[in-house]
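Read the structure below first, then the notes.
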């Protein structure tokens, strides 16, 4: 095996081939993250809701909730008014309104609708598919 004698070179000329790619990679990562953060910030900003005034009546308030617990936010920071609604208030306990076996009728209801038989589809859906009872108990 033959060894070649390397002439002494300045430290910069030895380190430059190693450091330059690392510096460029670091710069690329930094710029990518900076633009990504700017994009996330502008995206988050576009998802914010802005109102020019608080809600005056219930139908203008902002509904929030998860299906079991809900609220209407009126948006006046000076005298905020929040109306809560929780499903056990209406029945006394949580109640599952799903009709047992309803899934068995979905295909037939769709077939009736696609064939233009709206009335029959609606009758079948009301009889076998819709919640039981149809309205929330008071």
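Just so you know, all these numbers are worked out from the coordinates, no wet-lab data involved. Owing to the predicted nature of the structure, the values given are computational and were not obtained by experimental measurement. Neighbour counts are summed over all protein chains in view; Cβ atoms, including those assigned to glycine, are modelled from backbone coordinates with ideal geometry.
With r as the distance between the Cβ atoms of residue 79 and residue 131 and R0 = 30 Å, compute the FRET efficiency 1/(1 + (r/R0)^6) and round to 0.05. Approximately 0.20, to the nearest 0.05.
Extending 7 Å from Cα along the Cβ direction at residue 60 and again at residue 32 yields two label points whose distance is 4.8 nm.
Highest mean first, the peptides 122-133, 47-58 sorted by other C-beta atoms within 10 Å per residue fall in the order 122-133, 47-58.
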